[in-house]
Amino acid sequence: MNKIYIAATCLTLLLSTSTFAKENKVIGSGTITFVGAIVEGNCLIDTDKNTFKTSCWNGSEMQESQYQLERNKSFNSKLINNKGSMDIKWINDNLAIMNIVYN
């Protein structure tokens, strides 16, 4: 008789756990709003001696532009499809810094 009582109590507790779970109240409910933009990847830059190429995605294909570098001469240009700008400043005869700014 004692075993039946214990088994019935356990069965009652197991079946009532779903009832207890339904009674739990949600704390901190609300709406989350995400704000942002879908953006394209950056442009690819490839250099070879005094020539460099930029490859930028225009929405349907990669567009390439090729530029010639002259030593100790400043360079400034816009990226394809007005994605940004780039400039080159020379430190010395053999070293330059390229700065790319995306819009």
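I need two numbers for region 39-99: Rg to one decimal and Dmax as a whole number, Cα atoms only, in Å.
Spelled out, the Cα radius of gyration and Dmax of region 39-99 are 12.3, 39 Å.
May I ask for the net charge around E64, where only other residues with Cβ less than 15 Å from the Cβ of E64 are counted and Lys, Arg are +1 while Asp, Glu are -1?
0
Values in this text are rule-based calculations from the coordinates and carry no lab data. It should be emphasised that the depicted structure is a prediction, and the values quoted were computed from it without experimental measurement. In this analysis, Cβ positions are derived from the backbone assuming ideal geometry, glycine residues included, and neighbour counts consider all displayed protein chains.
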